[in-house]
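The values are calculated or read from the model by the stated rules, or taken from the named source; none is laboratory data. As the structure is a prediction and not an experimental result, all values here were calculated from the model. Here the Cβ positions follow ideal geometry from the backbone for every residue, glycine too, while neighbour counts run over all protein chains shown. The area values use the complete protein model at the heavy-atom level, side chains included, leaving out ligands, DNA and RNA. Shrake-Rupley method; radii C 1.70, N 1.55, O 1.52, S 1.80 Å.
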Amino acid sequence: MATSTPISAAPLDLVIFGGVGDLSVRKLLPALYMAHLHNTLPDETHIYALGRQTWDRGAFLHFIEEKVRGFIGSKAYRDDVWSSFVRRLSYVCVDATNAADYVGLKSEMQPGADRVYYLATAPSLFVGICANLQSAELIDERARVVLEKPLGHDLASARQINHDVGQYFQEQQIFRIDHYLGKETVQNLMVLRFGNSIFEPLWRSPYIKSVQITVAESVGVGSRAGFYDGTGAMRDMIQNHLLQLLCIVAMEPPVSLDPDAVRDEKLKVLRSLRPMAVADVARDTVRGQYTAGASNGEAALGYLQEENIPPDTNTETFVALKAHINNWRWANVPFFLRTGKRMAARQSEIVIEFADLPFTIFNDSPHRSVNRLMIRLQPEEHIQLQMMAKEPGSGMKLRPVKLDLDLQTAFSERRAEAYERLLIDVIKGRLTHFMRRDELEAAWTWVEPIIDGWQQLGERPKAYTAGSWGPAASSALMAREGSSWVEES
């Protein structure tokens, strides 16, 4: 059984390949600032941002001031903290493909330090970076490496990445990051399930009618057009984020919070997903591509009109599908997964819809009795339990009401953002909320036949208007099971 990477009292060097790229600017450096602000970084932590620009320190600090500060909330920003945080930062000009540059990197780093390497680069660079780190003697048994998605384009490439990186790092040193697993509400879902007695007896067939998982974005492809068109919504979102959420909803109770105990149960879920043949793909999946419309009150281009998008591309920007888990707990319970760009709102939510009553005495009520547990991940985080209550007045008419488990007001403690929480987990060597090699490969094993099925069917993605909830076919997918997406019900 793999264990977490041993942690020492040595200084820490955190090295970000792609250190002045979009992810580093928007997420990683702001997250590290917040960790610095709240004293969760080890005292002797130094952060190295690597890039190919030939900047001196003055040029780098100007860049950081101009680009990074805007992603730090005004309530969190303090001049004195920013000044002390910047002292932790260094910029090193490194061409990731040039072994000679790693000698210069080594000379900049703290002797005897623990090392975390964050590969915020294209996966095609992963093996070369690892090989160059090894040749410069920058990998030891205490080193850790963080792999940013996408981890592969298909099963074969995912296996190749795992094999290549595994030549230089042991499995317990590899942190495959999925920022959804760092969200407070996602981690609270495990506590909700396994720390309380009231839900577990009902957390199964036939007491649950369906599960729906939505990760909707209101933005388009933006500056990621070149990457996105070669990837699509299935590879970009379903294969990692949504399947990981499905695993946490569906997994059996682990024997402990040991990283492998948790990940063993997630792996069982992935291996229990019912494989899809071409006929299943045609019936139970919907691909979409947004057309011109309005988003956030402004006119929005269609996908084919976006810059750097080929005019005849079949890349999907929306996917809805129905999945089944072939085990006793979830027999005959459909799992509906949906994700898309340029949708009506930015919203990530898990909805557990409990089974209908076998018989009702409230025949005059205009509302169908629906009990739901709704777990909102973004934009705000909360958990709501929808129940039926009597409307005020005469008669016995029912109305749905929501019991709001408001985590924001229940706890006075600050709620760290996902990347901050996961970066601290990496620093402390905690692997629980990171994907294991066999998890990644099992996810690709299920997803790849769906992508192949689309290619065999040869159908274009269905059009949907920017600012809508996707193609009408996704609503029909739900209606066949007597359900509807929550915003439509």
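Testing the spin-label approximation: label points 7 Å from Cα along Cα→Cβ at residue 80 and residue 463. State their distance in nm.
Result: 6.0 nm between the two label points.
In whole angstrom, and with the biggest value first, how far do the Cα coordinates of the range 176-287 range along each principal axis?
Here the Cα extents, ordered largest to smallest, are 47, 33, 26 Å.
Arrange the residues 317, 432, 40 by how much accessible surface each exposes, largest first, with a 1.4 angstrom probe.
The ordering from most to least exposed comes out as 40, 432, 317.
Taking a quarter of the surface of the convex hull around the Cα atoms of the range 205-271, what do you get in nm²?
With the hull built on Cα positions only, its mean projection is 6.7 nm².
What span do the alpha-carbon atoms of the range 280-328 cover on each of the three principal axes, reported in whole Å from largest to smallest?
Largest first, the range 280-328 extends 48, 27, 16 Å along its Cα principal axes.
Taking the radius of gyration and the Kirkwood hydrodynamic radius from Cα positions alone, what is the Rg/Rh ratio for the chain, to two decimal places?
For the chain, the value is 0.98.
Of the cross-linked pairs 322/390; 341/428; 268/322; 27/402; 149/341; 149/209, which ones have a Cα-Cα span greater than 26 Å in the structure shown?
Checking Cα-Cα distances, 322/390; 341/428; 27/402; 149/209 exceed 26 Å.
Treating only the Cβ of Lys, Arg, Asp and Glu as charged (+1, +1, -1, -1), what charge dipole size does the range 65-132 show about its Cα centre? Round to the nearest 20 debye.
Taking the Cα centre of the range 65-132 as origin, the dipole is about 240 debye.
Rg to Rh for the range 204-362: what is it, with Cα atoms only and Rh by Kirkwood?
Reported Rg/Rh (Cα atoms, Kirkwood Rh): 1.04.
How large, in percent, is the carbon and sulfur part of the accessible surface of the chain at a probe radius of 1.4 Å?
52 percent
If DNA, RNA and ligands are ignored and the probe is 1.4 Å, what is the ranking of 445, 360 by accessible area, most exposed first?
The ranking, largest first, comes out as 445, 360.
So if the hydrodynamic radius of the range 1-108 is defined as the Kirkwood radius over C-alpha pairs, what does Stokes-Einstein give as its diffusion coefficient at 10 °C and 1.306 mPa s, in µm² per second?
For these conditions, the coefficient is 106 µm²/s.
What does the charge dipole of the chain about its Cα centre add up to, to the nearest 20 debye, if the Cβ of each Lys and Arg holds +1 and the Cβ of each Asp and Glu holds -1?
1020 debye
Would you please give the FRET efficiency between residue 204 and residue 93, computed as 1/(1 + (r/R0)^6) with r the Cβ-Cβ distance and R0 = 45 Å, to the nearest 0.05?
Efficiency, from the Cβ-Cβ distance: 0.20.
In terms of modelled amide H atoms, which long-range or inter-chain residues lie less than 5 Å from the amide H of residue 397?
Long-range HN contacts for residue 397: 391.
Within the chain, which complete DSSP H helices have Cα atoms spanning at least 24 Å along the helix axis and a mean Kyte-Doolittle hydropathy of -1.0 or higher?
Sorted by number, the helices that extend far enough and score high enough are 437-457.
Using only the alpha-carbon atoms of the range 373-463 as identical scatterers, what base-10 log of I(q)/I(0) does the Debye formula give at q = 0.17, 0.22 Å⁻¹?
Each listed q maps to, in turn, -0.97, -1.09.
For the range 411-487, would you read off the P(r) tail past 20 Å as a percentage of all alpha carbon pairs?
Result: 67 percent of Cα pairs exceed 20 Å.
Return the long-range amide H neighbours of residue 13 (sequence gap of 5 or more, or a different chain), with a cut-off of under 5 Å between placed amide H atoms.
46, 114, 115, 116
Can you list residues whose amide H is under 5 Å from residue 18's amide H, if they're 5+ apart or on another chain and H is modeled 1.01 Å from N?
Excluding prolines and chain starts, which carry no amide H, the hits are 50.
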